[in-house]
Amino acid sequence: MIKLNYYCKTALVKDPIFATSGSACFDLRAYFGPDSRKITIYTPSNEKIHRHCQKESVEGEFSLSLGPNERAMIPTGLIMDIPRGYSVRIHTRSGTAIKKGIGMSVSEGIIDSDYKEEVFALIRNNSGVAVNIEHEERICQGELIKQLDYSLSCTTIRPTNDGERTGGFGSTGVK
């Protein structure tokens, strides 16, 4: 069995977990600890700003308000030690997407085995209203993937059709 080691930046960081014994991916959580409360935000017009997390109440945890169509780099507090020959793929959690309207700002995040810095989830608010992302909320899910060993090679011969397709992009219709 392959092991994916990870390092928690502080003892306050929650471990990634598989939600059930049948889960294909492990959940990653937002970490808004003392060293991670100033978050990089990109506005719908691509302006880069910084926003501080807010405390909901005296006893409450910190959360980040993300406006409609804003994107944020949400810290996880984790540094992964991905084995050579593997990568970690970060995906949107379906429950978070349907219930809050937030998901990955890219269709899939890819963490290479030689990246040894904190993992951030690139989250986008796809809804029409501001949403709060709570400290320790499960915000995305990760999956360890084995890489294929391949090379790139330029050829001088144009590839020919070897199947039924008779057109280009969109040629198979919509239904």
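You can think of it this way: the chain between LEU148 and THR166 has 3.5 nm of extra reach, that is 0.36 nm per residue less the Cα-Cα gap.
Taking the 1.4 Å solvent-accessible surface of the range 1-143 as the whole, the part contributed by carbon and sulfur is 50%. Oblate is the label for the range 63-175, because the ratio a/c of its alpha-carbon gyration tensor axes (a ≥ b ≥ c) is 1.5 or higher and a/b is not greater than b/c. Between ILE102, ILE82, ILE157, the residue with the greatest mean-square fluctuation in the GNM of the chain (Cα pairs under 10 Å linked by springs) is ILE157. Normalised by the number of residues in the chain, the average gap of Cα pairs under 8 Å and 6 or more apart makes the relative contact order 26 percent.
Solvent-accessible surface of the range 12-114, taken per residue with a 1.4 Å probe and all protein chains present: 53 Å². Which of LYS55/LYS100; LYS3/LYS99; LYS116/LYS146; LYS14/LYS116; LYS55/LYS99 have a Cα-Cα distance over 29 Å? Violating the 29 Å limit, Cα to Cα: LYS3/LYS99.
The values are calculated or read from the model by the stated rules, or taken from the named source; none is laboratory data. Source: prediction; values computed, not measured. Note: areas computed on protein heavy atoms with side chains; ligands, DNA, RNA excluded. Shrake-Rupley method; radii C 1.70, N 1.55, O 1.52, S 1.80 Å.
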